[in-house]
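The values are calculated or read from the model by the stated rules, or taken from the named source; none is laboratory data. Here the structure is a predicted model, which means the values were calculated and not measured. Cβ atoms come from the backbone with ideal geometry, glycine included; neighbour counts cover every protein chain shown.
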Amino acid sequence: MKFYNEYSVRIRNLCSDQTRKELGEAGEKMLASKIMLLTILFMALLNPAKAESQTRASEYCTDNVKLYKSYSEYSEGKFIDSICLSVRKHKFSVYYNKLILKDEQQKSKFSHGSLWGYQRGEDVFRYFDKGTTFGTYGYHKIIGSNGLIIYSKYERGGYRYASRTYYFYSKDLNSPLERLSVKNLEKDFSNPSFISEVKALKSLTESDSKGNLMINVIYNKYYVRS
């Protein structure tokens, strides 16, 4: 017992205030190192999970916008930019035919006429500028492509005129747009039987029970697209 008491006193003497302070600082440094190591390991484990989560979010995006520079790039599925609108704070807008994409990090602008078109979900919008005073310009929604390419374009009303939707057509996705009218169709197609059946329609945008545009049902009877 005497030996134990002497040994305890010797230990206490060794552990002076300065010694205890040094031991405390060493312990804190060791603890900080362990915390840093654990943090690094945690982040290493977290990053693959985060990447996988982002990949899954991209795969299951329910509202996606893709921009195409030219028709050839559209036909090859090569878009120059895209954004998933299912992600919070991701924005897409068309302002005076200028497209704007915005996410958490940046804002991209595509000027009037700089793109062939864009796709939002299953809907495709093609840019066209007639280049005349009263000609159409801007982005036109494709509403039918099984035959002639049929487009719609909504024009917002203003002072003394009401909003309305206009319709256009083109022979393919890379040819000029024309206003959808019997007069214009007669200029482009000389088959009298085709024109006769088109004239018999109640509306040039009339659809059958399956949702097919009747003008394309008639078109496919007389013309085969190359």
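Selection of first residues in region 64-75 that are in contact (Cβ under 8 Å) with a residue 60 or more places away in the chain and of second residues that are surrounded by fewer than 18 Cβ atoms within 10 Å (Cβ to Cβ) and not in a strand (DSSP E or B), restricted to Cβ pairs under 7 Å at least 6 apart or on distinct chains, gives the following pairs, ordered by first then second residue: TYR71/LEU173; TYR71/ASN174. Can you say whether SER209 is part of a loop (DSSP other than H, G, I, E, B), at pLDDT below 95 and not aliphatic (A, V, I, L, M), as far as the supplied structure shows? In short, yes. Go through the residues of region 125-138 one by one and say whether even a single one is under 22 Å from GLU206 (Cβ atoms) and touching a residue at least 24 places away in the same chain (Cβ under 8 Å). Yes, because at least one residue in region 125-138 is under 22 Å from GLU206 (Cβ atoms) and touching a residue at least 24 places away in the same chain (Cβ under 8 Å). On the stretch given as region 196-206, residues that are crowded, with 16+ Cβ neighbours inside 10 Å and either part of a helix (DSSP H, G or I) or more than 33 Å from the chain's Cα centre (by Cα) (or both) total 2.
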